[in-house]
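Inspection log for the structure reproduced underneath, given as structure tokens.
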Amino acid sequence: MRVAVVQFPGSNADWDALHAVRDVMGAEAWYAFHKEASLGDADAIVIPGGFSYGDYLRAGAIAGFSPIVSAIREFAERGGPVLGICNGFQILTEMGLLPGALTRNAHLRFECRDIYVRVENEGPFTGMGRGTVLRLPVAHADGRYHTTEDGLAELERNDQIAFRYTTRTGGAANGSDANPNGSVADIAGVYNREKNVLGMMPHPERASEAILGNDDGLTLFQSLRRHLGFE
């Protein structure tokens, strides 16, 4: 399995992502710098978290115009699996590869803690099964997912909601701080209609080793490996 980890100015979870797929998973992985025009012979792409271009204008807005974006778009349009984590999720919405938008957390505070998400629909990164509850860390100030009523209905109709924030036992957040940012319908991650592009606010790469006390995030990368036929 070959994975390209895209680096933008201000990326700060790029090493975490590279370590998870290369050192933990044993995949071949490398950095693709934002000024490059090619992703090489990658089987999958990870767009990591951080503060690309300092989050000026809007989080992810300037990154959407980087030279590497054309290669990401072409890869996704060919059906290649793309995972955008936190700032990567924001970048994918700015590129138009994912629906909706990410805005300032409802309480206007930066959130950095473990939360729980429930798998709502299966796909390349969520092959662990519907209803699976994962404990994952979040670290964001602009993670509140927005879409219109029609947009939400379309996400539901097309089974595009990948994750929802839940309680420890998988119950609905019901307005509690189980939803760390006020996202509509407790949405923590969404797929595109074709199910090959996933954006999510929690950080699976930061919960990929048991030595850290939590390896729930590793299941996403294991799911990708199965999807690509490497096990």
| request: Could I get the Rg over Rh figure for the chain? Both from C-alpha atoms, Rh via Kirkwood, rounded to two places. | output: 0.93
| task | Using DSSP, restrict attention to beta bridges with both residues in the chain and report what percent are antiparallel, rounded to the nearest 5. | result | 60 percent
| message | Order these by the 10 Å Cβ neighbour count, fewest first: 86, 112. | response | 112, 86
| field | Distance between modelled label sites at residue 109 and residue 157, nm, 7 Å Cα→Cβ extension | value | 3.9 nm
| request: Would you mind getting me the FRET efficiency between residue 31 and residue 231? Use the beta-carbon distance for r and R0 = 30 Å, nearest 0.05. | output: 0.75
| What is the distance, in nm, between label points placed 7 Å from the Cα along the Cα-to-Cβ direction at residue 73 and at residue 167? | 4.5 nm
| query | Rounded to the nearest 20 Debye, what is the dipole magnitude of the range 2-227 about its Cα centre when Lys and Arg each give +1 and Asp and Glu each give -1 at the C-beta? | reply | 180 debye
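Just so you know, all these numbers are worked out from the coordinates, no wet-lab data involved. Model, not experiment: these values are computed from the prediction. A quick note on method: Cβ atoms are made from the backbone with ideal geometry, for glycine too, and the neighbour counts reach across all protein chains shown.
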